[in-house]
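Values quoted throughout were computed directly from the atomic coordinates according to the rules given, and no laboratory measurement underlies them. Only a predicted model underlies this, so the values are computations on that prediction, with no experimental measurement involved. Because the Cβ atoms are built from the backbone with ideal geometry, glycine has one as well, and the counts that use them run over all protein chains shown.
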Amino acid sequence: MELNSNVPDGPIENKWTHHIDNIRLVGPRNRPHYRVIVVGSGLAGASAASSMAAMGYQVDCFCFQDSPRRAHSIAAQGGINAAKNYRNDGDSIYRLFYDTQKGGDFRSREANVWRLAELSTAIIDQAVAQGVPFAREYGGLLANRSFGGVLVERTFYCRGETGQQLLLGANSALAKEIAAGHVNMHTRTELLDLVVVDGRTRGIVVRDLVTGAISSHAADAVVLATGGYTNVFNLSTNARGCNVTATWRAHKRGAGFANPCYVQIHPTAIPAAGEHQSKLTLMSESLRNDGRIWVPKQKGDQRAPANIPESERYYYLEERYPRFGNLVPRDVASRNAKEVCDEGLGVGPTGAGVYLDFRDAIEEKGANVIETRYGNLFDMYERIASESPRKTPMRIYPAPHYSMGGLWVDYNLMTTLPGLFAIGEANFSDHGANRLGASSMMQCLADGYFVIPITIGDYLSRNPYGEIDTNHAAFRETEQEVKQRVGKLLDTSGSKPVEVFHRELGKIMMDECGISRNAEGLKDAIAKIPELRDRFWKEVRVPGTGEQFNQSLEHAGRLADFLEFAELMCHDALDRDESCGCHFREEHQTEDGETLRNDGDFAHVSVWEHKGVDQPPALHKEPLEFDALPLAQRNYKT
Amino acid sequence: MKFDLEIWRQTQGDDPGGFVRYPVEDISPDTSFLEMLDILNENLTSRGDDPIAFDSDCREGICGMCSLVINGEAHGPKRATTTCQLYMRHFDDGASITIEPWRSRAFPVVRDLAVDRSAFDRIMRAGGYVTVHSGPKPDPNDIPVDPAITEKAIDAATCIGCGACVAACPNGAAMLYTAAKVSHLSLLPQGQPERYERVQKMVDRMEKEGFGSCRNYGECEAQCPKEISIDFIGRMNRDLLRASVLEPIDLRGDMETQ
């Protein structure tokens, strides 16, 4: 597997412009001859599909939901960063680049991060032109708020539903292109495999989730915008349908998978109430601006929080990190919560929870001020937990939230499989070992509106259009394989529902490959996962047939892929014998319990090559270079 | 807690369908409504029966994928709440609960409780956008927008496209949905150039999709999980009237053959 990042030469601030000036393009008269498949209709997929269609390409867009508007980007709450410097507080492209690089703990590709920061401002302009109603100040100009881990106010927002508004913007552009006949939209359709001919991606095989029909679609290039894989933990903040299938299938067909062990665990979710919980609901990180996080000093303290006197409360973040206090970065907050709970200080029925207390903020700033800031979040919490944060502290616990790892891509966002591109959360490129708040949507839209529409031309222009259609033998073969796999799932003769195995996998992954990891636990997981996989294939029952709307079959197929992918994730976490960003290896920490990087041995992207299920994967490395910003130890203490 | 569930089962759109009774027990009050159905489905699967199909995805009230008419109300008894955010503690122990799919001619049943809401997407495609390409745009601060107008636009744009308004309406009208979509853009300066063409095309599409007419029952507003006001329907009607008088467009090309 060859890893050529194709990063252009020259000073970092000129790389992207220079690249556009020198890249090969497809002319407007030729574009309608090229077919491009986009899988996924979230922020990355919808923006890419609509932008390419508007340029003239013939686009086919696929999503498993019943409408493209339901992709999980819709649930992003907080906001989107852009280096506009509207607040005159010293923001710049360099500073956004710096914050993202530092937040990622120096495990991202510098040139990609710079490009992301550079394109951030254009995203806001684009969204506003589409009618995205960003919050405005009294004078009518755009408002900003601050977000964790940075020293400037650069986050743009629409109430607590920035994701929905940005996605509606991207989806309206998509709707227009669908109406114009430039995009053929396939809803309730799931990718089940990729068709590769002579080393190039030539199309996909999908299943119509309503009729069960399996069909092939040929194209000159395929773009995966299929999101992240945190449902490998079963319980996460992701939607139930989020899955690794598209990227895993691509990986099995030859695309390198980069840094699968980098998963962000969000510190402020509502703790699970019981075994059958289907999802963890995120509470906005902004709550940490005014809430104080604590646990009782005494183990197993059963008193109501109000009855625990000040002297018996352990405000562990404030004590350990005096400068940032409750506003330490996400990974630091998550790890500390797990630590205190592991010590037996956790609260709530499961003992996996810490208090987030607004008592002091309400006393100091007044109930009205706090109500204006967090009223809707308090209502949301009360609806789920049936306790009012106005009267008693919230309980929170970390939840898997975002996967920084993904398919390896070069500067053009092309994977190691020629003709296959990956954008948004599905690729690995911009967030290193940890993602900064309010930057996921920024990356999706930068990739979709501004990068892929141009860079895909470089690949397409080198190849004639329409070389292969779905009559090619490779399509027949792949379809057969897909049908066999679906048939095998339906033929299982066990009696247990799919969910049982998903919960088991989630527990293994959360225990051994979650907030903190160690070699022993990871080896243990690598032994346990194949056993679980075997049991799944023997003991699962998938009811119904393949020729119907069959949600158990959908879930079973996705879980079968997670059961293979999970092993790779643990291999990667074991191989990365250092701590960085969200990847905390207990063996490598500073005296203060902070992540301890090993730049000498691990300043690289780990790219894995599939060698067959039950075979160890092969590791390839892309060395990371640090020219614009020298390596430095992350420090949020002073 | 235990419950007596009466659930609509239907193998596909053209089957007659009917109610089937399912008792469930040992349900914790902290279980969400959909988790209760998950538990029922796991039990059905374990004992060799077919689980019940229903749509859901984000399970945090924003994707709009979940539905269900529960005891005659879209998204159940709790105001401003989607089914995925409804908890069993909102029901009495031992209660009978009737669960049906969205009922509307324009939303055919896919299976059991899942319906096809693609008519909504077709209304959007008729004009629910501002025509812009991806690329350099003016700075947003070049066009100041009164924050009160922005807030009102978000009040409309907060629609999650779930279809509860249609399910709640005795006529199966999609006026609240269409009005929310039209108003979001017609309020903002960016939506002005296409304002009158948009409203005519979207309303025309809505009518062709087979939704009923608005009779001002107000059920849509009462059952909307995002509490979108029917004032937007009035706003859309005013725009439509103004458009048809001042800037009528020829929709004959879009007419469907009889």
*Let me know the charge dipole size of chain A about its Cα centre in debye, to the nearest 20, where only the beta-carbon of Lys, Arg (+1) and Asp, Glu (-1) is charged.*
1320 debye
_0 to 90° range, to nearest 10: angle between helix B:231-246 axis and chain B longest Cα axis_ = 40 degrees
*When only Cα pairs under 8 Å and 6 or more residues apart are kept, what is the percent relative contact order across chain A?*
20 percent
*Relative to the longest principal Cα axis of chain A, at what angle does helix A:110-130 sit, 0 to 90 degrees, rounded to 10?*
90 degrees
_Theoretical gain in end-to-end length, residue B:171 to residue B:9 [0.36 nm per residue, Cα-Cα removed]_ = 56.0 nm
*Per-residue HN-Hα couplings for the range A:177-189 [Karplus 6.51, -1.76, 1.60; θ = phi - 60°; Hz; x = Gly/Pro]*: 6, 5, 4, 6, x, 8, 10, 9, 8, 10, 8, 6, 9
*Could you state the angle between the C-alpha long axis of helix A:43-55 and the longest principal axis of the C-alpha atoms of chain A, as a value from 0 to 90 degrees rounded to the nearest 10?*
40 degrees
*asked:* 5 Å is the cut-off here: which amide hydrogens, built 1.01 Å from N in the peptide plane, fall below it relative to residue A:223, excluding neighbours closer than 5 in sequence?
replied: A:37, A:38, A:39, A:421
*Taking only C-alpha pairs under 8 Å that are 6+ residues apart, what is the relative contact order of the range A:268-399 in percent?*
33 percent
*Averaging sequence separations of C-alpha pairs under 8 Å and six or more residues apart, then dividing by the length of the range A:131-224, give the relative contact order as a whole percent.*
15 percent
*Quickly work out the residue A:289-to-residue A:537 label distance, labels modelled 7 Å from Cα along the C-beta direction, and quote it in nm with one decimal.*
5.2 nm
_Please compute, for peptide A:160-166, the average count of beta-carbon atoms on other protein chains lying within 10 Å of each residue's beta-carbon._
3
*Select from B:58, B:224, B:162 the residue whose mean-square fluctuation is largest in a Gaussian network model of chain B (Cα-Cα springs shorter than 10 Å).*
B:58
*When each of A:252/B:137; A:252/A:507; A:15/A:102; A:252/A:496; A:252/A:538 is checked by Cα-Cα distance, pairs over 31 Å*: A:252/B:137
*Peptide A:494-500, shielding by other chains (average Cβ, 10 Å cutoff)*: 4
*Across the range A:471-476, in residue order, what do the Karplus-derived ³J(HN,Hα) couplings come to in whole Hz, using 6.51 cos²θ - 1.76 cosθ + 1.60 with θ = phi - 60° and x for Gly and Pro?*
7, 4, 4, 4, 5, 4
_Suppose only helical runs count, i.e. DSSP H with n ≥ 4. What mean residue ellipticity at 222 nm does that imply for chain A under -39500 (n - 2.57) per run, divided by all residues and rounded to the nearest 500 deg cm²/dmol?_
-11000 deg cm²/dmol
*Burial order of peptide ranges B:201-209, A:559-567 (average beta-carbon count within 10 Å, highest first)*: A:559-567, B:201-209
*Could you give me the ³J(HN,Hα) list for the range B:22-38, computed from phi with Karplus coefficients 6.51, -1.76, 1.60 and θ = phi - 60°, whole Hz, x at Gly and Pro?*
10, x, 10, 9, 6, 9, 6, x, 8, 7, 7, 4, 6, 5, 4, 5, 4
*How big is chain A by Rg and Dmax over its Cα atoms, in Å?*
23.8, 75
*Using the Cα atoms of the range A:61-123 to build a convex hull, what is its mean projected area in square nanometres?*
6.2 nm²
*Take each of the peptides B:138-144, A:95-101, average the number of other beta-carbon atoms within 10 Å over its residues, and list them starting from the highest.*
A:95-101, B:138-144
*Among A:221-227, A:37-43, A:103-109, A:430-436, how do they line up from the highest to the lowest mean number of other beta-carbon atoms within 10 Å?*
A:37-43, A:221-227, A:430-436, A:103-109
*Across peptide A:310-320, how many C-beta atoms of other chains are within 10 Å of each residue C-beta, on average?*
0
